[in-house]
Amino acid sequence: MKKVISSALVGTLSLGIAFGVSAGPVEDQAAFQKYYENKFPDTPTADFANGVYSILPTAREQWEAIEEFPPYEIAIEAGEAFYNKTFANGKSLADCFGPDGAVRNQYPKWDSDRGMVVTMELAINECLTANGEKPLKYKKGKITEVTAYMSFNSRGQEVDVKIPSDDPRALAAYENGKEHFYTKRGQLNFACADCHMLTAGNLYRADTTSPGFGHGTHWPVYRSKWQSMGTLHRRFGGCHKNIRANPYKAQGEEYRNLEYFVTYMSNGLTFNGPGARK
Amino acid sequence: MRNGLKTIALGLALIAPVSFAGSGTTAEHIEAATAAYKKLAKESSYQWTTTVKAIKAAKKALEAGDDKGARKLAHQAMDLVEATRLQAKIESETWRMRVPK
């Protein structure tokens, strides 16, 4: 029994040999991005926004072919109609997010009044409920259509998540997301970082894991496995189920903070959603 | 790397101590496993899907009259709770070492 415990502890500790405690978000981000640039030297930095296709030439060819007739196109059209639909009170989503909803680069953001991270999906539902409309479900369906439209109109915007230095609660939310990313969970004992950092680019059965650098840029996505559109938080939940961990609530604090962290790590890349993934 | 991860996963699944004595009814064992699971859920954000499955399977087996199978599943659920607790303890101390510098 002692031998097994030792194996578990030594294995866990050995993963951290080349790593150590970082100072703060800016230093974390620089080290994070450098890690991937060193791991995948053939990938131009800006290309990490294309996820696994930035490191897998054969899959990229297929993906580029799919992008010629993108499976998310219908969602964009439906999202545009919903975006411009007039509420019962005469207003619409355009009153909250402007005429074309090109606000992807404003989210996720820290709301200092409420002391919480606000994502684009959350902001959409808050706009709906503030105008007497029903909120949308957070993982799939209508929410992905609206965000597909808004993300499409936001393509090319730079990822520039801010962590205000004058509000320690923002740093705490970032740290919470960071802890989540690096913490092993589930019976399979995996952290986000295990698949998307330490072994990014490796095969897990028939699939190659994507680099964590670039996560958060391309949502929502049409995923072939789902045969439908889904949000980032839907994917978070799917990852957790894969490692036999109970998923958290979509748009709950845990996943909003995780989104805050992973998107901040991709600062400098460009938003390119909606996307198509395997 | 993959062998290392497998070793850790296997280690965590196996190192849980046997927390039950042989006494008590099977229903009590299932209840104890459920209570332990709920207690852990309150204490930390770590829960495994397999624990819930084992508890549900134990209840189903008991209803079907399979006392021996139900008891085995209840013990399995309790072991999973203990393994989860150990994971939470280890991770609270080690996650920072994975942050690149």
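The values are calculated or read from the model by the stated rules, or taken from the named source; none is laboratory data. Remember, predicted model here, so these are calculated numbers, not experimental data. Positions of Cβ are backbone-derived with ideal geometry, glycine not excepted, and every protein chain shown enters the neighbour counts. Quick note on the areas: whole protein, heavy atoms, side chains included, nothing else; ligands and nucleic acids left out. Shrake-Rupley method; radii C 1.70, N 1.55, O 1.52, S 1.80 Å.
Per DSSP H run of n ≥ 4, the term is -39500 (n - 2.57); total these for chain A, divide by its residue number, and report the mean residue ellipticity at 222 nm rounded to 500 deg cm²/dmol.
-13000 deg cm²/dmol
Non-local amide H neighbours of A:Arg185 (under 5 Å, H modeled in plane, Pro and chain starts lacking H): which ones?
Result for A:Arg185 returns A:Phe190, A:Ala191.
Going toward the positive end of the dipole of chain A, with +1 on Lys and Arg Cβ and -1 on Asp and Glu Cβ, which of A:Ala276, A:Val262, A:His233 do you reach last?
Comparing the listed Cα positions along the dipole, A:His233 ranks first.
Which angle between 0 and 90 degrees, to the nearest 10, do you get for helix A:2-14 versus the longest principal axis of chain A when only C-alpha atoms count?
60 degrees
Tally Lys and Arg at +1 and Asp and Glu at -1 over the other residues with C-beta under 15 Å from the C-beta of B:Gly24: what net charge comes out?
Charge balance in the 15 Å sphere: 0.
Give, as a single signed number, the net charge of other residues whose beta carbon lies under 14 Å from the beta carbon of A:Glu73, with Lys and Arg counted +1 and Asp and Glu -1.
Residues near A:Glu73 contribute -4 overall.
How much accessible surface does A:Lys162 have with a 1.4 Å probe, in Å² rounded to 10?
The accessible area comes out at roughly 130 Å².
How much solvent-accessible surface does A:Cys239 expose, in Å² to the nearest 10, with a 1.4 Å probe and all protein chains in place?
40 Å²
Could you pull out every residue, at least 5 positions away or on a different chain, whose amide H is within less than 5 Å of the one on A:Lys278? Hs are placed 1.01 Å off N in the peptide plane, and Pro or chain starts have none.
Amide H to amide H, under 5 Å and 5 or more residues apart or across chains, A:Lys278 pairs with A:Ser224.
Counting partner chain Cβ atoms within 10 Å of every residue's Cβ in A:226-239, what's the average?
Other-chain Cβ atoms within 10 Å of each residue's Cβ, averaged: 0.
Around A:Tyr149, under 14 Å between beta carbons, what's the net of Lys plus Arg minus Asp minus Glu among the other residues?
-2
May I ask you to rank A:Asp113, A:Asp160 by accessible area, largest first, using a 1.4 Å probe over the protein chains only?
Solvent-accessible surface, decreasing: A:Asp113, A:Asp160.
Which value, in debye to the nearest 20, describes the size of the charge dipole of the range A:73-153 about its Cα centre when Lys and Arg Cβ atoms bear +1, Asp and Glu Cβ atoms bear -1, and nothing else is charged?
280 debye
More than 20 angstrom separation, counting every C-alpha pair in the range A:216-278; what % is that?
Result: 29 percent of Cα pairs exceed 20 Å.
Could you state the accessible area per residue of chain A in Å², with a 1.4 Å probe and every protein chain left in place?
45 Å²
Other chains near B:47-54: what is the mean number of their Cβ atoms within 10 Å of each residue's Cβ?
Neighbouring Cβ atoms belonging to other protein chains average 5 per residue here.
On full extension of the chain, what length is gained from A:Lys162 through A:Gln227, given 0.36 nm per residue of separation minus the C-alpha to C-alpha distance?
The A:Lys162-A:Gln227 span can extend by a further 20.0 nm.
Would you mind working out the magnitude of the charge dipole of chain A relative to its Cα centre, with +1 at each Lys and Arg C-beta and -1 at each Asp and Glu C-beta, to the nearest 20 Debye?
Once rounded to the nearest 20, the dipole reads 1340 debye.
Jot down the radius of gyration and Dmax of the range B:47-101, Cα atoms only, both in angstrom.
For the range B:47-101, the Cα-based Rg and Dmax read 15.9, 57 Å.
Using square roots of five times the C-alpha gyration tensor eigenvalues, list the equivalent-ellipsoid semi-axes of the range A:73-153 in whole Å, biggest first.
One finds semi-axes of 19, 15, 12 Å for the range A:73-153.
Can you compute the radius of gyration and Dmax for the protein assembly as shown, using only the Cα atoms, both in Å?
When restricted to the Cα atoms of the protein assembly as shown, Rg and Dmax are 22.4, 69 Å.
Within 10 Å of each Cβ of A:49-61, how many other protein chain Cβ atoms are there on average?
0
Check the protein assembly as shown for me: any Cys whose beta-carbon has no other cysteine beta-carbon within less than 4.7 Å?
Taking the Cβ cut-off of 4.7 Å, the unpaired cysteines of the protein assembly as shown are A:Cys192, A:Cys195, A:Cys239.
Grab the range A:73-153 and count how many Lys pairs have their alpha-carbon atoms under 20 Å apart, sequence gap of 8 or more, or different chains.
Lysine pairs satisfying the spacing and distance rule in the range A:73-153 number 8.
Given the convex hull of the Cα atoms of the range A:120-278, what is a quarter of its surface area in nm²?
Value for the range A:120-278: 9.9 nm².
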